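Heads up, the thing below is written out as structure tokens.
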């Protein structure tokens, strides 16, 4: 019988925690503005899985980068040893509990969180 894909979802970190969130993982490099650490209910913050500062600035900078090119570059970053180790850790966590990827971005569907979710569930 084939293994089922882990239960991974993406939510905004500013949303109130839900009972079915499981392990809550902040996947932004910078701490979200205006959010107290005590209110965030973060279980993990693996900075090795966040886009590099250079990639983030390129994508969100003047003229804004192309999402497909961002995706390609981010996937290359996720292949680095530190990121691969962090991915393995999240996959292990997802085997026993739902996993909620948290981000401050207003548009998760065109952010690194969508790429990260796909990498974790395939």
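Just so you know, all these numbers are worked out from the coordinates, no wet-lab data involved. Since the model is a prediction, treat every value here as computed from it, not as a measurement. So basically every Cβ, Gly included, is an ideal-geometry build from the backbone, and we count neighbours across all protein chains shown.
Take residue 36 and residue 76, extend 7 Å from each Cα along the Cα→Cβ direction, and tell me the distance between the two endpoints in nm.
4.3
By counting other Cβ atoms within 10 Å of each Cβ, how are 96, 50 ranked from fewest to most?
With the sparsest Cβ surroundings first, the list reads 96, 50.
Could you sort 109-122, 35-48, 82-95 so that the peptide with the highest average Cβ count within 10 Å comes first and the rest follow in order?
Peptide ranking by packing, descending: 109-122, 82-95, 35-48.
Per DSSP helix of 4 or more residues, -39500 (n - 2.57); summed, then divided by the residues of the chain. What does that give at 222 nm, rounded to the nearest 500?
That comes out to -11500 deg cm²/dmol.
Report, to two decimal places, the Cα Rg of region 8-121 normalised by 2.2 N^0.38 Å (N = number of residues).
1.02
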